[in-house]
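Colleague: Take this structure first; my questions come after.
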Amino acid sequence: MRLITNREEFYNDICEEIRLFVPRAAIRMDNDGEDDSTELELMLYEEDEFRTEAVFKCGENRFEYTHSTELKADSEIIKKRYSKRCMKAACFRVLRMAYPEKLIPWGSLTGIRPTRLLRELIDTEGDAEAARLMLE
C-alpha cells in the first residue's frame, strides 16, 4: 500500500490505523507519483481548524472523507496532539467506508490510554461533549 501525506512525522500513527483494517499491509511512504493498486492519501490543513482530507483508492474503488476539528491549541504539544487526532480520525473513517465488515468497537484508539483522552476532553470540552466525542 502506498501512503501519501504532508505530515510524515505521523507515519507510525497512520500505519497503526491502517493495520486495524489491513493487518499485514506493507505500507510504504511514497510521494513520487509511482502507481500502486492501493493508495491512501492524507493531507492535514491548519487554518481556523484542523482539517484532514482522506482519499483511499483500492483497485477501481475510491473513498473520500474529510474530518475537521476546532483549532484549540495553547501550546505546541496540544496543537500536535489535536492535529494527530484529526489525521487518525480521517484515516479510520475513510478505511471504515472501504471495509464496513471490519468491526472495531474501540474505533481509532491505538497506542493511547482512553482514560487520558477522556480526561483531556472533559477539561477542554466539558462532560457532555466529552461523552459524545468518545461515543462517536
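The values are calculated or read from the model by the stated rules, or taken from the named source; none is laboratory data. The model shown is predicted, which means the values in this text are computed figures rather than measured ones. Because the Cβ atoms are built from the backbone with ideal geometry, glycine has one as well, and the counts that use them run over all protein chains shown. For the accessible areas, the whole protein counts, side chains as well, though only heavy atoms, and no ligand, DNA or RNA atoms are used. Shrake-Rupley method; radii C 1.70, N 1.55, O 1.52, S 1.80 Å.
Colleague: Here are some values of Cα extents along the principal axes in Å: (1) 49, 40, 24; (2) 45, 31, 22; (3) 49, 45, 29. Which one was computed from this structure?
Modeller: Looking at Cα extents along the principal axes in Å for this model, the match is (2).
Colleague: Between Ser75, Ser83, Ser37, where does the largest GNM mean-square fluctuation fall for the chain, given springs only between Cα atoms within less than 10 Å?
Modeller: Residue with maximal mean-square fluctuation among Ser75, Ser83, Ser37: Ser75.
Colleague: Moving on to the next point. Give me the distance in nm between label points sitting 7 Å out from Cα along the Cα-to-Cβ direction at Leu133 and Asp48, one decimal.
Modeller: So the two model labels end up 1.9 nm from each other.
Colleague: Further question: Of all GluC sites (Glu not before Pro) in segment 3-102, which ones are in loop regions per DSSP and have a Cβ with at most 15 other Cβ atoms within 10 Å?
Modeller: Glu34, Glu47, Glu60, Glu101
Colleague: Stretch Glu125-Cys58 to full length: gain in nm at 0.36 nm per residue minus the Cα-Cα span?
Modeller: This chain segment gains 20.5 nm when fully extended.
Colleague: PRE reach from Glu9 (point 7 Å along Cα→Cβ): which of segment 61-97 fall under 17 Å by backbone N?
Modeller: Output list for this probe position: 72-88.
Colleague: Hey, another quick one. Within the accessible area of the chain, what % is carbon and sulfur when the probe is 1.4 Å and the other protein chains stay in place?
Modeller: In the chain, the share of accessible area belonging to carbon and sulfur is 49 percent.
Colleague: Per residue, how large is the accessible surface of the chain? Use a 1.4 angstrom probe and give square angstrom.
Modeller: That works out to 59 Å² per residue.
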